[in-house]
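These notes are about the structure you will find just below.
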Amino acid sequence: MKVFRNIRQKLAAENKVMAYLRYAIGEIILVVIGILIALQVNNWNENQKQKKRETIYLQNLSIDLKKQIQRQDIYIDFEDIIIEDCKAIVAHYEQNNGFKKMDSIFPKINDLSTRITFTNANTTLLEMINSGEINIIDNESLKKELMEFNQLIEGFANNTVNNNTNLVDQFVVRNVMKKSNFASFSYSKKLRSKIQENSQMNFINVKDENLKKIAIQNLNEPKLRLELINDVVFRNGLAELQKTGDENLKAKAKQLLKHIETELNR
């Protein structure tokens, strides 16, 4: 700058106006170029920082999706138990022309009073949407897919809560507990095993043969017999619907995970 200043002063002293103007314009252009270069460097640095943040988010999204897929497998396995129970109860009912020889069937009926709570593992996606950080995703197609997946989860979660609360808890549980013999048999071995995979729960059984006789006698009264077999078929329908939803959500999660991993490997 000292050199430029000396040249400018020399040109001014010699009254070389045009030369001075050309020099001044050139100096302005150099300053502008310097500013533009500085802005480009700053923008590049910001883009690199944003790219790094995007990568971290994508990695966390990938971890969450893998957890969700694992949970979906648990949910699907649970619904399979309920569906198998319902089919076994109906087959037994048809073969015996009613509810007879019930030692192997009571636990399956009791299983129908259970349901599983859906948990959304995608905390990173929720955080990104709520904070506006979803816009850090550069790939518009992936961003759209993430938003659609969040909507799918919200709808599925709400539907699951509604079915669990209003249909299983309020309708099926009440009817099954009135008609079955939970005290003597509790749940089936398969369901107990599934429950104990995720939590410690002790089960007790009441040793009283009279309870079995009373339950069987009650179940074969025409009115209760009709009500229970209706409950079984209805519970099967709920389990089939829930399983379909779980499988659909799992498939969408796997598809989204593949898209994210492709983006990370770019």
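Annotations
- Residue within segment 240-262 that is within 27 Å of residue 97 (Cβ to Cβ) and within 31 Å of the chain's Cα centre (by Cα) present: yes
- Residue 173 meets the conditions (1) of a type in the set (A, V, I, L, M); (2) surrounded by 15 or more Cβ atoms within 10 Å (Cβ to Cβ); (3) under 15 Å from the mean Cα position of the chain (by Cα) in every case but one. The failed one is (3).
- Applying the set (1) surrounded by fewer than 18 Cβ atoms within 10 Å (Cβ to Cβ); (2) in contact (Cβ under 8 Å) with a residue 24 or more places away in the chain; (3) more than 29 Å from the chain's Cα centre (by Cα) to residue 104 leaves exactly one unmet item: (2).
- Inter-residue pairs, beta-carbon under 8 Å, first touching a residue at least 60 places away in the same chain (Cβ under 8 Å) and in segment 245-264, second among the basic types (Lys, Arg) and in a helix (DSSP H, G or I), 6+ apart: 257/66
- Exclusive hit being among the acidic types (Asp, Glu) and closer than 14 Å to residue 109 by Cβ, set 227, 240, 221, 247: 227
- Given (1) touching a residue at least 60 places away in the same chain (Cβ under 8 Å); (2) farther than 18 Å from residue 248 by Cα, number of the condition residue 77 does not satisfy: (2)
- Note on segment 186-200: residues that are assigned to a helix (DSSP H, G or I), surrounded by 12 or more Cβ atoms within 10 Å (Cβ to Cβ) and in contact with a helix residue (DSSP H, G or I) (Cβ under 8 Å, 6 or more places away or on another chain) amount to 3.
- Residue in segment 149-163 that is surrounded by fewer than 18 Cβ atoms within 10 Å (Cβ to Cβ), of a type in the set (Asp, Glu) and at pLDDT 90 or above present: yes
The values are calculated or read from the model by the stated rules, or taken from the named source; none is laboratory data. As the structure is a prediction and not an experimental result, all values here were calculated from the model. Virtual Cβ from ideal backbone geometry, glycine too; neighbours counted across all protein chains shown.
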